[in-house]
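Peer 1: Here it is: the structure, laid out below.
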Amino acid sequence: MSECTHDCSSCSSECADRKPESFRKEPHPMSKIKKVFAVVSGKGGVGKSMVTGQLAVLLSRRGYKAAVLDADITGPSIPKMFGINESATSSELGLHPVRSGGGIDIMSINLLLPNETDPVIWRGPVIAGVVTQFWTDVIWENVDFMFIDMPPGTGDVPLTIFQSIPLDGVIIVASPQELVSMVVEKAVKMAEMLSVPVLGLIENMSYYVCPDCGKKLYIFGEGKTEAAAKRHGLRFLGSVPIDSALADKADKGEIESFQGDWLTPTVDLIEKS
Ligand code: ADP
């Protein structure tokens, strides 16, 4: 075995000194961030970004300073949801997030690319490096609650985030169909293995309310998420319906004006954390 450099991030040896804190990265010296929550999912397209955006909006409406770190580098959807078209700026001090109309600070790769439709064709370690820089090089001013929109799955980038950013909790988002597969269970186990506390599970696209009769239609079956939450000993945080008005708001960049109280219990828990 080569001599110990005390840098666990570049070493694969198992040793007594190797602790979760060994990989931690310090935020920018001018940043002040009180609480950080990561929003994760087993796969893409289940509404992780939608939930991330809504949580930030709801906390901001309660008078807190909220921020979103968009770590979904290959599929960034946060800036569009908030209607942000301008680029992030930098100074000799560091990178500055873009502030939304409602006062939420946002950093995303799409705010740094010359053209938002440019694909990011980078290998995992490069992407992980960029996400780490969103933590270490961005000046996050007086943030009460930061939400990290994680890349889906359990690859390189989620691993780097779990290890390098001190998380106060993980919120798992799943669609009813996803729970039939094992993908979401892998995300739960990853958080557990890395000793990151899991706040609970949110079911998105849970049901659809018939516009004619007002009846809830459970298109993908009812109660799967609650059962899955029980199986893992997780808190069931609630269900978000398929809502065309919500999708429309997100598409138009108007997520900050959405109405809906589905996430109130989650926001209560986050506020008390
Ligand atoms: P992910 O971050 O998991 O990849 P997104 O949050 O980007 O997924 O959602 C995928 C698509 O589904 C987006 O177009 C979004 O507007 C839409 N969507 C997500 N949740 C809902 C919902 N509850 N009702 C209607 N549309 C939704």
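The values are calculated or read from the model by the stated rules, or taken from the named source; none is laboratory data. What you are looking at is a predicted structure, and each value in this text was computed from that prediction instead of being measured. When we count neighbours, we look across all protein chains shown, and the Cβ atoms used for this are built from the backbone with ideal geometry, even at glycine. What goes into the accessible areas is simple: the full protein's heavy atoms, side chains included, and nothing from ligands, DNA or RNA. Shrake-Rupley method; radii C 1.70, N 1.55, O 1.52, S 1.80 Å.
Peer 1: In segment 87-110, what residues are out of contact with any Asp or Glu (no Cβ under 6 Å at 6 or more places or on another chain), among the small types (G, A, S) and over 17 Å from E254 (Cβ atoms)?
Peer 2: S87, A88, S90, S91
Peer 1: Hey, among the residues in segment 20-57 that are of a type in the set (S, T, N, Q) and under 17 Å from T154 (Cα atoms), which one's surrounded by the fewest Cβ atoms within 10 Å (Cβ to Cβ)?
Peer 2: S49
Peer 1: Residue under question is V173, and the condition is that it be touching a strand residue (DSSP E or B) at 6+ places or on another chain (Cβ under 6 Å), assigned to a strand (DSSP E or B), touching a residue at least 40 places away in the same chain (Cβ under 8 Å) and open to solvent by less than 20 Å² (accessible area, probe 1.4 Å); does it hold?
Peer 2: yes
Peer 1: So, restricting to helices (runs of 4 or more DSSP H) that lie completely within segment 213-273, which ones have at least 2 residues that are within 15 Å of the ligand (Cβ to nearest atom) and farther than 24 Å from G169 by Cα?
Peer 2: 244-252
Peer 1: Let me ask something additional. Which ranges mark the strands (runs of 3 or more DSSP E) fully within segment 18-126 that have 2 or more residues being within 23 Å of P241 (Cα to Cα)?
Peer 2: Once the strands (runs of 3 or more DSSP E) in segment 18-126 are filtered for at least 2 residues that are within 23 Å of P241 (Cα to Cα), what remains is 33-40.
Peer 1: Can I ask one more? For segment 139-154, which positions are hydrophobic (A, V, I, L, M, F, W, C), more than 16 Å from the ligand (Cβ to nearest atom) and in a strand (DSSP E or B)?
Peer 2: V143, F145, M146
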